[in-house]
Amino acid sequence: MDSLLEGQGKWQLPLMFIWIFFFLDFTCTHPLLSSPEESNRTLNTVIHSSSTSHISPCLTPGEQQAPLHLSVTTRNVAVVKRWVEIASAEEIADAIDIPCPIGTALCMAAALKKDHEAEGRALVEILLAAGADPTAQDTQHGRTPLHAAAMANDVELVKIILDAGVDVNIRDVHNVIPLHVALARGAKSCVGLLLSAGANCNLQDDEGDNAFHMAAEAAKMIRENLEWIMIMLRFPGAAITVRNHSGKTLRDFLEALPREWISEDLLEALSDRGVHLSPTVFQVGDWVKFKRSVMSPTHGWQGATHKSVGFVQSVPDKDNLIVSFCSGEARVLANEVVKVIPLDRGQHVQLKPDVKEPRFDYMLLVLKPEV
């Protein structure tokens with residue numbers, strides 16, 4: 001084998017092993033190459049061609065991918081595992097982080113698409129254990145394997161990568177951390193895992209955005225991010241007044257959202273930290289309820305309660321509203337109520353977790369969450 005690779009460079013030796021095992025795995029299942037004689041004859045041809053031509057046996061002429069990359073692309077876990085078992089530490093170190101146009105083998109394994117997550121996780125585990133560089137970035141987007149796992153909301157893969165000792169705050173080429181991409185993609189399972197693993201909400205990317213900016217900006221499409229803002233506000237030293245490079249703060253992003261999306265809990269949490277949103281502007285048709293902090297409304301309850309939800313029937317002036325509750329019309333002060341998200345026909349709903357027996361029976365209700 002040494003003479004076979006003479007002049008090709010010692011780094012190619014472990015990849016020749018991969019090529020042979022990849023080939024053997026292929027020939028065992030290929031109907032045209034099922035006989036031992038045909039397999040040996042074709043394998044000898046491959047080896048002979050590699051040793052007599054100037055083309056590296058580690059690369060395919062078209063794609064410039066090494067056999068290790070090919071094995072990952074075809075999700076051939078057994079081949080990669082076998083290579084790690086038989087190659088020396090030096091051989092593995094020389095070959096494992098060789099990039100192809102897509103990225104390193106580890107980047108490729110972490111980015112395996114839906115329905116192949118199991119093979120991707122196995123490959124990532126093998127490659128990390130063999131010493132693959134966890135900070136390597138894919139060529140197209142500059143993402144590390146942890147970024148790819150977070151973006152795909154693959155909790156198991158994120159755990160594998162973190163358990164291998166990878167920094168939860170690892171940055172990509174744009175200084176984006178995995179928490180940022182998880183929030184931007186609505187990968188809620190991974191957001192929780194990354195936060196519990198020590199993700200820093202205050203770290204800023206090249207645009208000056210931190211996790212609060214990311215979550216609030218993406219909330220236009222991913223409303224659940226507002227709940228993550230609530231959770232991140234509990235972290236000591238939460239940088240909620242920092243401006244990004246466009247001059248925007250968390251408050252600016254929240255002001256751009258429909259006010260009914262901002263829950264009373266979030267409003268109170270922001271207020272406790274000195275962040276106050278502009279006064280709510282009410283319009284006819286808005287759905288409202290009394291604030292929890294209002295113990296005795298200025299104009300009285302007028303048949304309503306804290307649980308009552310009504311719609312604005314008219315706006316006499318900026319300070320007063322006429323609201324229609326089930327109990328009848330009520331005059332209320334604008335600063336004593338908050339907007340709530342209206343329920344329209346066709347919307348998905350679910351019972352509150354603390355409701356054991358619905359007032360109007362279960363009827364056609366399904367307990368499985370729909371939103």
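The values are calculated or read from the model by the stated rules, or taken from the named source; none is laboratory data. On a predicted model such as this, the values are computed, not experimentally measured, just so you know. Cβ coordinates were reconstructed from backbone atoms using ideal geometry, including for glycine residues, and neighbour counts include every protein chain displayed.
Residue-wise test of (1) closer than 30 Å to Asp97 by Cβ; (2) acidic (Asp, Glu); (3) out of contact with any Asp or Glu (no Cβ under 7 Å at 6 or more places or on another chain).
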{"site": "Ala164", "(1), (2), (3)": "yes, no, yes"}
{"site": "His180", "(1), (2), (3)": "yes, no, no"}
{"site": "Ser189", "(1), (2), (3)": "yes, no, yes"}
{"site": "Met214", "(1), (2), (3)": "yes, no, yes"}
{"site": "Ile222", "(1), (2), (3)": "no, no, yes"}
{"site": "Leu226", "(1), (2), (3)": "no, no, yes"}
### Query
Looking at the range 183-197, which of its residues are assigned to a loop (DSSP other than H, G, I, E, B) and either under 15 Å from Met230 (Cα atoms) or modelled with pLDDT of 95 or more (or both)?
Ala197
### Candidates Thr135, Thr139, filtered to the one that is part of a loop (DSSP other than H, G, I, E, B), within 13 Å of Ile161 (Cα to Cα) and touching a residue at least 24 places away in the same chain (Cβ under 8 Å)
Thr135
### Message
Between a residue in the range 307-322 that is in contact (Cβ under 8 Å) with a residue 24 or more places away in the chain and farther than 10 Å from Ala334 by Cα and any residue that is of a type in the set (Lys, Arg) and surrounded by 11 or more Cβ atoms within 10 Å (Cβ to Cβ), which pairs come within a Cβ distance under 9 Å, given they are 6 or more apart or on different chains?
### Response
Val309/Lys289
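Among the listed residues Gly300, Gly274, Gly285, identify the single one that is loosely packed, with under 13 Cβ neighbours inside 10 Å and within 23 Å of Trp228 (Cα to Cα).
On the way: Gly300 fails: within 23 Å of Trp228 (Cα to Cα); Gly285 fails: within 23 Å of Trp228 (Cα to Cα).
Answer to the check: Gly274.
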### Query
Which residues, taken from the range 280-321, are small (Gly, Ala, Ser) and part of a loop (DSSP other than H, G, I, E, B)?
Gly285, Ser293, Ser296, Gly300, Gly303, Ala304, Ser308
### Selected residue [of a type in the set (A, V, I, L, M) and under 30 Å from Gly310 (Cβ atoms)] from Ala211, Ala269
Ala269
### Query
So which residues in the range 159-185 are surrounded by 21 or more Cβ atoms within 10 Å (Cβ to Cβ) and within 14 Å of Ala132 (Cβ to Cβ)?
Ile160, Ile161
